[in-house]
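The values are calculated or read from the model by the stated rules, or taken from the named source; none is laboratory data. Everything numeric in this text was worked out from a predicted model, so none of it was measured. In this analysis, Cβ positions are derived from the backbone assuming ideal geometry, glycine residues included, and neighbour counts consider all displayed protein chains. In case anyone asks, the SASA skips ligands and DNA or RNA and just uses the protein heavy atoms, side chains included. Shrake-Rupley method; radii C 1.70, N 1.55, O 1.52, S 1.80 Å.
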Amino acid sequence: MISVDLKSKSFGSVQILGEIKLSVSAGECVALLGPSGIGKTTLLRIMSGLDSDFAGHLTKPNRIAMVFQEPTLLNWRTVLQNLTLVTGISTDKARNALSEVGLAGKEALYPLQLSLGQRRRLSLARAFVTDPDFLIMDEPFVSLDAERIEEMMELTQKLLNKRKIASLFVTHSQEEASMLATRIQHLRGSPATLA
Amino acid sequence: MSRLKAKDTSVRLISLALLLLGWAGLAFLIDDTQVLPGPIVVAGLIASEAVNGPLFQHMGATLLRVLAAFTLAMSYGLVFGLVMGRAKKVDRWLDPWLVIFLNLPALVTIVLCYLWIGLTEVAAVLAVAINKIPMVTTMIREGARALDPELDDMAQIYRMPLGARARHVLLPQLSPQIAASARTGTALIWKIVLVVEFLGRSNGIGFQIHLYFQLFDVPMVLAYSLAFVMVMLLIELVILQPWEVRANRWRRG
């Protein structure tokens, strides 16, 4: 179980987030919707432990994985090394993970030799291969075309169904939220709170 | 691509041949080997010093000094640049020092090191390194300022060990700055090493240049200088350029 009991979050004198209570249980996928600049990514960073400068309390597991807005890969390391060096898993496990996301045979390539969709698949493989207790996805399908978005959503759904992971993902799209999430939360207002 | 490379190589070779031709022409016009010997005369002297003279002994001494100063300058420059690029407060405090050291003439550092430490090997290497550290620091600082914060987040989320973060996340992002400072570094360092040897060492290419300067022996000054230029070019071609190509292999999308 992951839970945040946030009192407030400010940048300088500007308060971005107000009182927020949010918890995600194992096997649950929560979608966080809201307009740009409302503070979705800020809340995500708080829940991932990347931002500890807030008033409130956070309970989170140790094993966390994150899919960033950009694939955020080590472009100077091969596809396989992006899994083994970052997560510390074995080569065999990394090969299986690549195969699971349709990147078998691409192990020796560098990320910039892949298409954007393939790089996002690699980013997804990196997140799932660690068997996380909590998975965070920050607009993971942004800047993909409609066909690729559908493919990626199906793949994410498939990977999530295989595991009992608590997951939280940020999106602008109601459609993406409806397809993947078991619960949808809206962030609204200023300072933003859950509606 | 290979045709382009071949064309590039031939242009370089022709350009070099033209330079040699110009030098030979000028030497022919002056017609005094004690003022300007031609390339064939100098090549003969280099060969003779290599076979019967102490060329390799002095070259070895200079190369060791270059290597020691280079290692020192790159190591300290990397640490200072990284810290200054990542920590704004430290940068604010150290930036004025950096500006002062960047503008300190090499000769002043060399003379002061010899006066304070003595005419020793330590003073010689330190003087060269002190001249180069600010330049490496400046270049690395620029790279450190442009590091991708999302990669830091990624490394934190996936709990990459510190050593792995440095090796696989941090240093590759700084590789363009490291390569650039290494290449400009070797070019600058060996020139300062010659001055250091000229002023206060009893061996090395700089010492030999000093010796033949006192004897007004232009051909030998040219022979020792050009022999070392060739070695540095070889290092550039055999070590630095291939390393840079290897380090940038991943950029070919």
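Among the residues of the range A:25-81, the one identified as within 13 Å of chain B (Cβ to nearest Cβ), open to solvent by 40 Å² or more (accessible area, probe 1.4 Å), closer than 22 Å to A:A195 by Cα and touching a helix residue (DSSP H, G or I) at 6+ places or on another chain (Cβ under 9 Å) is A:R45.
Anything in the range B:37-92 that is under 25 Å from B:V231 (Cα atoms) and of a type in the set (D, E, K, R)? List them, or say none. Residues satisfying the conditions are B:E49, B:R65. The test for being in the same structural domain as A:L58 (by TED's automatic domain parsing) and assigned to a loop (DSSP other than H, G, I, E, B) holds for A:L144. Count of the range B:147-176 residues, restricted to those that are part of a helix (DSSP H, G or I) and more than 7 Å from chain A (Cβ to nearest Cβ), is 14. Note on the range A:147-172: among residues that are without any contact (Cβ under 8 Å) to a residue 24 or more places away in the chain and more than 17 Å from A:G27 (Cβ to Cβ), the one that is surrounded by the fewest Cβ atoms within 10 Å (Cβ to Cβ) is A:E147.
Against the condition within 11 Å of chain B (Cβ to nearest Cβ), closer than 25 Å to B:R165 by Cβ and in contact with a helix residue (DSSP H, G or I) (Cβ under 9 Å, 6 or more places away or on another chain), how does A:V86 come out, does it pass?
Details: within 11 Å of chain B (Cβ to nearest Cβ): yes; closer than 25 Å to B:R165 by Cβ: yes; in contact with a helix residue (DSSP H, G or I) (Cβ under 9 Å, 6 or more places away or on another chain): yes.
Here the answer is yes, as A:V86 does meet what is asked.
Of everything in the range A:98-113 that's open to solvent by 10 Å² or more (accessible area, probe 1.4 Å) and among the aliphatic types (A, V, I, L, M), which residue is nearest to the other protein chains (Cβ to nearest Cβ)? Result: A:L112.
The set of residues in the range A:82-96 being open to solvent by 10 Å² or more (accessible area, probe 1.4 Å) and either in contact (Cβ under 8 Å) with a residue 24 or more places away in the chain or polar (S, T, N, Q) (or both) consists of A:T84, A:T87, A:I89, A:S90, A:T91, A:K93, A:N96.
Only residues that are open to solvent by 70 Å² or more (accessible area, probe 1.4 Å) and not in a loop (DSSP other than H, G, I, E, B): list them for the range A:184-195, please. Passing the criteria: only A:R188.
Can you tell me which residue is surrounded by the fewest Cβ atoms within 10 Å (Cβ to Cβ) among those in the range B:119-151 that are closer than 16 Å to A:L50 by Cα and within 32 Å of the chain's Cα centre (by Cα)? Among residues in the range B:119-151 that are closer than 16 Å to A:L50 by Cα and within 32 Å of the chain's Cα centre (by Cα), the one surrounded by the fewest Cβ atoms within 10 Å (Cβ to Cβ) is B:P149. What do you reckon, is A:R120 in contact with a helix residue (DSSP H, G or I) (Cβ under 7 Å, 6 or more places away or on another chain), closer than 19 Å to B:M154 by Cβ, more than 11 Å from chain B (Cβ to nearest Cβ) and open to solvent by less than 60 Å² (accessible area, probe 1.4 Å)? Answer is yes for this residue. Residues in the range B:224-253 that are of a type in the set (G, A, S) and more than 14 Å from every other protein chain (Cβ to nearest Cβ) were compared, and the one that is surrounded by the most Cβ atoms within 10 Å (Cβ to Cβ) is B:A227.
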